[in-house]
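Report on the structure given below.
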Amino acid sequence: QVQLVESGGGLVQAGGSLRLSCAASGSIFSINLMGWFRQAPGKQRELVARITSGGRTNYADSVKGRFTISRDNAKNTVSLQMNTLKPEDTAVYYCNLWSRGYDYWGQGTQVTVSS
């Protein structure tokens, strides 16, 4: 079993920055994907950014150049640095870990960007 605990959400003005962090614990296979998804009201959950255990990253087009994902394999943590935030970034952000065919999710953290 894997547990994911997120932190770092909040309210920020447009153009501001926030940093999300997620710590994974439990039975974690060393080869995995960690990432962040988000879900805005009335919309489907969407990928924001992902990073492999080897450090390869991919981003949603809407956040490229503004968000940076990173991880610490020794600590089983993943972070998302979000800069130049826009009102359309407002959503609940979920930490995700994919490993050996299983998806694990955090409880979600609210990010609200005011205009």
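Here are some notes:
- First in segment 42-64 and closer than 15 Å to residue 80 by Cα and without any contact (Cβ under 8 Å) to a residue 12 or more places away in the chain, second anywhere and exposed (fewer than 13 other Cβ atoms within 10 Å of the Cβ) and of a type outside the set (A, V, I, L, M, F, W, C), Cβ under 9 Å, 6 or more apart: 59/65
- The set of residues in segment 1-20 that are part of a loop (DSSP other than H, G, I, E, B), open to solvent by 30 Å² or more (accessible area, probe 1.4 Å) and either closer than 30 Å to residue 86 by Cα or at pLDDT 95 or above (or both) comprises 8, 9, 14, 15, 17.
- Against the criterion of being out of contact with any Cys (no Cβ under 8 Å at 6 or more places or on another chain) and either among the β-branched types (Val, Ile, Thr) or modelled with pLDDT under 95 (or both), residue 23 does not qualify.
- Pairing each residue of segment 1-30 that is under 11 Å from residue 109 (Cβ atoms) with any residue that is part of a loop (DSSP other than H, G, I, E, B) and open to solvent by 40 Å² or more (accessible area, probe 1.4 Å), provided the two are 6+ apart or on different chains, yields C-beta distances under 7 Å for 6/107.
- Any hit, segment 77-90, residues being of a type in the set (A, V, I, L, M, F, W, C), out of contact with any helix residue (DSSP H, G or I) (no Cβ under 8 Å at 6 or more places or on another chain), assigned to a loop (DSSP other than H, G, I, E, B) and at pLDDT 95 or above: yes
- Qualifying position, being touching a strand residue (DSSP E or B) at 6+ places or on another chain (Cβ under 7 Å) and small (Gly, Ala, Ser), among 114, 30: 114
- Of residues in segment 77-115 being over 19 Å from residue 24 (Cβ atoms) and of a type in the set (S, T, N, Q), the one surrounded by the most Cβ atoms within 10 Å (Cβ to Cβ): 90
- Matching residues, segment 62-76, being small (Gly, Ala, Ser), at pLDDT 95 or above and either open to solvent by 60 Å² or more (accessible area, probe 1.4 Å) or assigned to a helix (DSSP H, G or I) (or both): 62, 65
- Test result for residue 30, open to solvent by 50 Å² or more (accessible area, probe 1.4 Å), under 18 Å from residue 1 (Cα atoms) and among the hydroxyl-bearing types (Ser, Thr, Tyr): yes
- Checked against (1) open to solvent by less than 40 Å² (accessible area, probe 1.4 Å); (2) under 15 Å from residue 103 (Cβ atoms), residue 49 passes all but a single condition, namely (2).
The values are calculated or read from the model by the stated rules, or taken from the named source; none is laboratory data. Bear in mind the structure is a predicted one, so any value in this text is a computation, not a measurement. In this analysis, Cβ positions are derived from the backbone assuming ideal geometry, glycine residues included, and neighbour counts consider all displayed protein chains. Side chains included, ligands, DNA and RNA excluded: accessible areas come from the protein's heavy atoms. Shrake-Rupley method; radii C 1.70, N 1.55, O 1.52, S 1.80 Å.
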